Amino acid sequence: MDYSNDQKNIADDFEMRGNWNDQSKVLKSRYVLLTDEDLKFEEGKEYELLLRIQTRLSKNMEDTIGVIKSVQPEKI
């Protein structure tokens with residue numbers, strides 16, 4: 001897939017916070033389209049995670065990050 005540099009730049013500013021296992025369960029309950037495979041997180045592969053969620057939910061990158069941030073703890 002060919003993704004724009006703007007999309008990559010937006011994703012580069014994203015910061016994973018908190019317990020991903022808990023967050024992914026909440027996301028899966030809110031968005032029944034998401035699968036365990038879509039939500040699989042590997043350190044250093046945050047962009048790939050964002051792309052999987054973006055594709056599954058048919059959202060742009062900013063909205064996808066917003067979805068994830070909605071389940072993350074506030075920055076301390």
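For the chain, what does the equivalent ellipsoid look like in terms of its semi-axes, each the square root of 5 times an eigenvalue of the Cα gyration tensor, given largest first in whole Å? Intermediate results must be reported in sequence, preceding the final value.
Details: eigenvalues 65, 45, 25 Å².
Equivalent ellipsoid of the chain: 18, 15, 11 Å, largest first.
Counting charges near Arg17 (Lys, Arg +1; Asp, Glu -1) among other residues having Cβ under 14 Å from its Cβ returns a value of -4.
Result for the chain in a Gaussian network model with C-alpha springs under 10 Å: among Glu43, Glu15, Glu62, the largest mean-square fluctuation is at Glu43. In the chain, the DSSP-assigned H stretches of four residues or longer account for a calculated mean residue ellipticity at 222 nm of -15500 deg cm²/dmol, using -39500 (n - 2.57) per stretch and the full residue count as denominator.
In a reduced charge model with +1 at each Lys and Arg Cβ and -1 at each Asp and Glu Cβ, the chain shows a dipole moment near 340 debye about its Cα centre.
In plain terms, the chain from Glu48 to Phe14 could stretch by 11.0 nm, reckoned as 0.36 nm per residue minus the Cα-Cα distance.
Just so you know, all these numbers are worked out from the coordinates, no wet-lab data involved. Just so it is clear, the structure is predicted and the values come from calculations on it, not from any experiment. Quick reminder, even Gly has a Cβ in these numbers, built from the backbone with ideal geometry, and neighbours come from all protein chains shown.
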